[in-house]
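In what follows, a single structure is set out as structure tokens and then discussed.
The values are calculated or read from the model by the stated rules, or taken from the named source; none is laboratory data. Keep in mind that what you see is a predicted model, and the values were worked out from it rather than measured. Note that we place each Cβ from the backbone using ideal geometry, even for glycine, and neighbour counts take in every protein chain shown. These accessible areas exclude ligands, DNA and RNA; they are computed on the full protein's heavy atoms, side chains included. Shrake-Rupley method; radii C 1.70, N 1.55, O 1.52, S 1.80 Å.
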Amino acid sequence: MTLDELAIQIRKCTLCELAQGRTHAVPGEGNPQAEIMFIGEGPGANEDKQGIPFCGASGKFLDELLKSINLNRSDVFITNVVKCRPPENRDPLPQEIDICTKHYLFNQIEVINPKIICFLGRYSMGLFMKDMKISQVHGKAFRRKDGRYYIAFYHPAVALYNGSMRQVLLNDFKVLDKILKGKIKDDEKETPPKSDDTPLEMVSLF
Ligand code: URA
């Protein structure tokens, strides 16, 4: 399965009720060979209209964050936990997350095989870093047995209504630059608590 084939399936998906309210499904965009993959929560109103992830105000700030470490969208891959906008931007339901991740997100990760997976906000973090608090782990690189780095960031939208979070996010993004430049040494890598140090397929969703 290629990323394009997955995107075709996502655009015509009717596996859950979110399909009924959407204008466009949003498979994700970016470099299919990206070393860094960003996972947000789900499309908002702008993304639903355009079919492009993070194309509204929080996306503008995400672009700024990328620029701060000399990257742009074509260097990374950006997607979401669920590919269709939940009505009124409500939280996606556990079964919607379950269906969408099993059919699409986990396959996208497998195809791209990124070196670093970045969570934008606590919902996507909850998929892989269960029982962790974003306030405690944001901006810290965890390395799992699969050899990948996992890093949770606050969702860029928080900086839109809380100005001091802009600097927190800008600081946290520096960890990506360090990893890409090989500046993080083994002893600086954080190990998740034992309870969460399970193989990925054993990490339950929510
Ligand atoms: N917020 C998200 O989590 N994802 C988007 O694509 C846009 C806003």
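In region 52-81, how many are in a loop (DSSP other than H, G, I, E, B) and open to solvent by 20 Å² or more (accessible area, probe 1.4 Å)?
Summing the residues that are in a loop (DSSP other than H, G, I, E, B) and open to solvent by 20 Å² or more (accessible area, probe 1.4 Å) in region 52-81 gives 5.
In region 101-132, which residue that is charged (D, E, K, R) and at pLDDT 95 or above is most open to solvent (accessible area, probe 1.4 Å)?
Per the stated criteria, the residue is Glu110.
Where residues in region 133-177 are open to solvent by 30 Å² or more (accessible area, probe 1.4 Å) and among the aromatic types (Phe, Trp, Tyr), which of them is farthest from the ligand (Cβ to nearest atom)?
Tyr161
Any residue in region 94-118 that's without any contact (Cβ under 8 Å) to a residue 24 or more places away in the chain: show its pairings with residues that are open to solvent by less than 10 Å² (accessible area, probe 1.4 Å) at Cβ separation under 9 Å, as long as the two are six or more apart or on different chains.
none
Hey, can you tell me all the residues within region 1-49 that are of a type in the set (Lys, Arg) and not in a helix (DSSP H, G or I)?
Lys12, Arg22
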